[in-house]
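Undergrad: Okay, handing you the structure first.
Just so it is clear, none of the values below were taken in a lab; they were calculated from the coordinates. Note that this is a predicted model, so its numbers are computed, not measured. Counting neighbours? That spans all protein chains shown, and the Cβs are built from the backbone with ideal geometry, glycine included.
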Amino acid sequence: MIDLHHVMTPNGHKVKIMLEEAALPYTVIAYNMLEGDHLTPAFRQINPNGRLPAIVDNEPIGGGAPFAVFESGAILIYLAEKAGRFIPNDPRGRSVCLQWLMWQMAGLGPMHGQAHHFVRYCPEQNDYGVNRYMNEARRLLDVMDRRLASVDFLAGDYSIADMSCWPWIRAVRAIQLDVADWPALKRWYDRVGDRPAVQEGARLPEGHWLTQTAQTRVTLTPEQWSNLFGENMLKSGAN
Ligand SMILES: N[C@@H](CCC(=O)N[C@@H](CS)C(=O)NCC(=O)O)C(=O)O
């Protein structure tokens with residue numbers, strides 16, 4: 001059994017999608033980041049970086065004591081190796097898959113994350129931040145659209161590269177972008193989104209922020225702000 005330390009964000013959903021796709025048994029341990037659930041010393045034993053998601057595999061590859069994995073990209077690779085699926089075996093195919101996974105981890109995720117921050121969380125309008133990260137967010141969608149104009153999936157066959165990107169593409173609506181403006185990306189988005197494991201892994205409760213479009217700025221209480229971006233987060237060592 002795998003413990004999934006989970007939050008309903010794109011980084012959380014990509015791991016849950018993989019667990020569903022690979023039919024690996026797992027238990028969800030749900031965190032509320034606004035309440036600071038992730039800021040505890042116990043969670044830092046699992047993820048020294050104090051961020052979600054993380055997993056603990058109680059029956060790890062190779063046996064032995066329970067094994068913790070943090071960083072969603074590293075988790076996807078670990079699970080693909082455990083399942084023997086969703087990552088190509090041949091060196092070229094594997095490299096292409098890892099290239100797009102690293103692109104998601106180092107580009108799509110962080111840049112879109114900052115765009116969400118400046119559009120939705122920054123307490124005052126900051127045009128420089130909005131322009132910088134929205135330009136980068138759009139540029140990365142252009143890159144993905146160009147790739148998907150010639151292939152059905154990022155690494156040829158459906159893989160962890162697609163799983164890592166899909167929840168971030170769903171989230172573009174919250175930064176007031178419409179995936180339909182990138183035609184090849186939209187076809188891929190629908191193709192991947194039709195998969196039952198994706199629907200189950202990325203399921204959202206009604207009213208969740210990811211179900212809404214054209215959101216305005218989120219208002220946080222001082223305590224919630226501190227848990228996510230301020231003193232409480234810094235004190236916990238989760239910075
Ligand atoms: N590169 C990390 C990013 C993890 C991350 O930033 N997670 C967010 C939720 S999606 C988080 O834990 N935020 C809490 C905080 O910023 O204190 C990964 O992909 O796992």
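Undergrad: Can you sort THR211, THR219, THR9 from fewest to most other Cβ atoms within 10 Å of each residue's own Cβ?
TA: THR219, THR211, THR9
Undergrad: Continuing with the same structure: If the reach is capped at under 28 angstrom between alpha carbons, list the lysines near LYS16, excluding any in the same chain fewer than eight residues apart.
TA: LYS16 reaches LYS82, LYS186.
Undergrad: Which part of region 123-166 falls in the paramagnetic zone of ASP90, meaning amide N under 15 Å from the point 7 Å along Cα-to-beta-carbon?
TA: Hits in region 123-166 for ASP90 at 15 Å: 155-158.
Undergrad: Let me ask another. Per residue of region 29-45, what does 6.51 cos²θ - 1.76 cosθ + 1.60 with θ = phi - 60° give for ³J(HN,Hα)? Whole Hz please, x for Gly and Pro, Karplus curve as stated.
TA: 10, 7, 10, 10, 5, 5, 7, x, 4, 8, 9, 8, x, 4, 6, 5, 5
Undergrad: Say a paramagnetic label sat at a point 7 Å from the Cα of HIS208, along Cα to Cβ; which residues of region 51-67 have their backbone N under 16 Å from it?
TA: Label zone hits: 52-54.
Undergrad: Separate question: Looking at region 141-239, which GluC sites (Glu not before Pro) are DSSP coil and have at most 12 other C-beta atoms within 10 Å of their C-beta?
TA: Filter output for region 141-239: GLU206.
Undergrad: Based only on Cα atoms, what mean projected area does the convex hull of the chain have, in nm²?
TA: That works out to 13.0 nm², a quarter of the Cα hull's surface.
Undergrad: Determine the percent antiparallel among the DSSP beta bridges restricted to region 2-83, to the nearest 5.
TA: 60 percent
Undergrad: While we're here: Which of the GluC sites (Glu not before Pro) found in region 1-106 are loop residues per DSSP with 13 or fewer other Cβ atoms within 10 Å of their Cβ?
TA: Taking region 1-106 and a limit of 13 other Cβ atoms within 10 Å, no loop GluC sites (Glu not before Pro) are found.
Undergrad: Which order results if TYR121, TYR26 are arranged by neighbouring Cβ count within 10 Å, fewest first?
TA: Listed from fewest to most nearby Cβ atoms, that is TYR121, TYR26.
Undergrad: Select from GLY201, LEU177, SER95 the residue farthest towards the positive end of the dipole of region 91-203; place +1 on Cβ of Lys and Arg, -1 on Cβ of Asp and Glu, and compute about the Cα centre.
TA: SER95
Undergrad: If you don't mind, another one. Hey, what do the phi angles of region 114-119 turn into as Karplus ³J(HN,Hα) couplings, whole Hz, using 6.51/-1.76/1.60 and θ = phi - 60°, x for Gly and Pro?
TA: Result, rounded to whole Hz: 5, 4, 4, 4, 6, 7.
Undergrad: Related question: Are there trypsin sites (Lys or Arg not before Pro) in region 1-45 that DSSP puts in a loop and that have at most 10 other Cβ atoms within 10 Å, and which ones?
TA: Listed in order of number, the matching sites amount to none.
Undergrad: Projecting each Cα onto the charge dipole of the chain (Lys/Arg +1, Asp/Glu -1 at the beta carbon, about the Cα centre), which of THR27, LEU76, LEU140 comes out farthest on the positive side?
TA: My answer, from the dipole projection, is LEU140.
Undergrad: Tell me the Rg and the Dmax, in Å, that the Cα atoms of region 153-239 produce.
TA: My reading of the Cα-based Rg and Dmax gives 16.5, 46 Å.
Undergrad: More than 20 Å apart: what percent of Cα pairs in region 2-83 qualify?
TA: Taking all Cα-Cα pairs of region 2-83, the fraction more than 20 Å apart is 24 percent.
Undergrad: Then there is this: Please report the antiparallel percentage of the DSSP beta bridges confined to the chain, to the nearest 5.
TA: Roughly 65 percent of the DSSP beta bridges within the chain come out antiparallel.
Undergrad: Using alpha carbons only, how many angstrom separate the centre of region 7-77 from the centre of region 124-180?
TA: 24 Å
Undergrad: Also: Could you give the C-alpha radius of gyration of region 91-203 expressed as a fraction of 2.2 N^0.38 Å, taking N as the number of residues it contains?
TA: Expressed relative to 2.2 N^0.38 Å, the Cα Rg reads 1.08.
Undergrad: For the pair ARG120 and ILE61, how long in nm is the line joining their label points, each one 7 Å along Cα→Cβ?
TA: Those two pseudo-labels are separated by 3.2 nm.
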